[in-house]
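Rule-based calculations on the coordinates, nothing more; no lab input. Small disclaimer: the values here were computed from a predicted structure and weren't measured. As a convention, Cβ positions derive from the backbone with ideal geometry for all residues, glycine included, and neighbour counts pool all protein chains shown.
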Amino acid sequence: MEYCEKTVELATDGQSLARFKLRRALARALTGNIQNAIKDFQFYIEQRDGHEEWKSKAQGWIDALQNGDNPFTEEVLKNLR
């Protein structure tokens, strides 16, 4: 988490910030910080230009997290590596 926080802090533009928040959102979700993960995923969706496939994934993860589900199965995590 320390490195996630540092990259967000050092982002030099909005697109970089969105990318870094996407990564931090995943880390937050995996460590149980669900509400802040949702906020970061939402920021990514709202701020990132293009990348519709990733925006769609992020929205699906938000929906699952809001329903109390864990969308990060072993298969999903394997595909993210």
query = Which whole-number percent is the relative contact order of the chain (Cα, under 8 Å, 6+ apart)?
reply = 22 percent
query = For the peptides 55-61, 30-36, what is the packing order when you average, over each peptide's residues, the other Cβ atoms within 10 Å and list the highest mean first?
reply = 55-61, 30-36
key: Residues THR7 and ASP63, FRET efficiency given R0 of 22 Å [Cβ-Cβ distance, rounded to 0.05]   = 0.30
Computed [θ] at 222 nm, helices only, for the chain once each DSSP H run of length n ≥ 4 contributes -39500 (n - 2.57) = -24000 deg cm²/dmol
task = Enumerate the calculated ³J(HN,Hα) couplings along the stretch 32-47 in order (Karplus 6.51 cos²θ - 1.76 cosθ + 1.60, θ = phi - 60°), each rounded to whole Hz, writing x wherever the residue is Gly or Pro.
result = x, 8, 5, 4, 6, 4, 4, 4, 5, 4, 5, 4, 4, 4, 6, 9
Cα-based shape type of the stretch 41-81, given that a ≥ b ≥ c are square roots of the gyration tensor eigenvalues and the cut on a/c is 1.5 = oblate
task = Would you work out the charge dipole size for the chain about its Cα centre, treating the Cβ of every Lys and Arg as +1 and the Cβ of every Asp and Glu as -1, and quote it to the nearest 20 debye?
result = 160 debye
note = Looking only at lysines whose Cα falls under 20 Å of LYS39's and that sit 8 or more positions away or on another chain, we get LYS6, LYS21, LYS55, LYS57
